[in-house]
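Notes for the one structure printed next.
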Amino acid sequence: MPRAVIDAARRLTDEDEIQAMMAESVQRRFCTTAMLTHELDQAGRTGTALPRRALTPLLAGARSVAEADAWRLWRRSGLPPGHWNVPIFDANGNHIATPDFWCDECAFAWEIDSYRHHADLDGHRATVARNARYVAAGIVVLQTLPSRLRAEPERVERELKAAFRTAQARPRPNVRLAA
C-alpha cells in the first residue's frame, strides 16, 4: 500500500490532493507515516518534492489537509510547540478529548472543526459534549473552521495568540497527556 500511495503521489501536481491521499491512507491504517517515508526514501528524487512537503505535517501528527494548514499556521505563529491528535485525560484518568492540537505547557486545545464532520445530529452532539468536557476540566479551547485557515490566516493567528494568552493567564488545570 505505501508504494502505491507514493507512486500515485509522485504523479500528482496538487499538494492538497497529495496530502489528502497520504493522510487518508494513514487515517484508515493502510500504512504509517514511517512506511510512506521509507517508500519516499526508496523512490529516488524525481517527483518526490511535493510528496515530501505534504508528508511533513503528517509526520508531526496532522491527519488531514486542514490540520496540515493548521500545523503550518501554528509554526508561523511563534507559539511554543505542541502535540497533534493526542488523548488528554483528567486527574482521575477519564478521557476528555483528543484535540487536533494540544499545548501541554498551558493546557490549550485547538480544534479544526469542519461543517462536514460536525453538522449532522450525532456529530453536533459529540462536538457539544467534547466542548463541555473541555470546560469542565478548565481547558481553554479554540475552534476554527478549516476554510478560515487559508481565507483569514492573520485573523486566525491573532485568535490563537489571544486564546493562548488566556490559557497562560490562569492556573494550569490538572489534566495530562496519555501516558
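The values are calculated or read from the model by the stated rules, or taken from the named source; none is laboratory data. Please read these numbers as outputs of a predicted model, since none were measured by experiment. Here the Cβ is made from the backbone with ideal geometry for all residues, glycine too, and neighbour counts use every protein chain on show. Note: areas computed on protein heavy atoms with side chains; ligands, DNA, RNA excluded. Shrake-Rupley method; radii C 1.70, N 1.55, O 1.52, S 1.80 Å.
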Accessible surface, the chain, averaged per residue in Å² (probe 1.4 Å) = 55 Å²
Relative contact order of the range 12-114: what whole-number percent is it, with Cα pairs under 8 angstrom and at least 6 residues apart?
-> 20 percent
Starting from the amide H of residue 108, placed 1.01 Å from N in the peptide plane, find each other amide H under 5 Å away whose residue is 5 or more places distant or on another chain.
-> 103
Among 149, 174, 129, which residue has its Cα positioned farthest towards the positive end of the charge dipole of the range 109-179, with +1 placed on the Cβ of Lys and Arg, -1 on the Cβ of Asp and Glu, and the dipole taken about the Cα centre?
-> 174
Beta carbons within 10 angstrom, averaged per residue: use that to sort the peptides 38-46, 55-63, 76-84, highest first.
-> 55-63, 76-84, 38-46
Kindly rank 134-142, 28-36 from highest to lowest mean number of other beta carbons found within 10 Å of each residue.
-> 134-142, 28-36
How much of the accessible area of the chain, probe 1.4 Å, is carbon plus sulfur, in whole percent?
-> 53 percent
Which of 8, 164, 21 sits farthest toward the positive end of the charge dipole of the chain, with +1 on the Cβ of Lys and Arg and -1 on the Cβ of Asp and Glu?
-> 164
Along the range 19-35, Karplus-curve 3J(HN,Hα) (6.51, -1.76, 1.60; θ = phi - 60°) to the nearest Hz, with x for Gly and Pro, reads 4, 4, 5, 5, 4, 4, 5, 6, 4, 7, 6, 6, 7, 10, 5, 5, 5
Quotient of Cα Rg and 2.2 N^0.38 Å for the chain, N being how many residues it contains = 1.10
Assign unit charges at the C-beta atoms only (+1 for Lys and Arg, -1 for Asp and Glu), then state the dipole size of the chain relative to its Cα centre in Debye, rounded to the nearest 20.
-> 300 debye
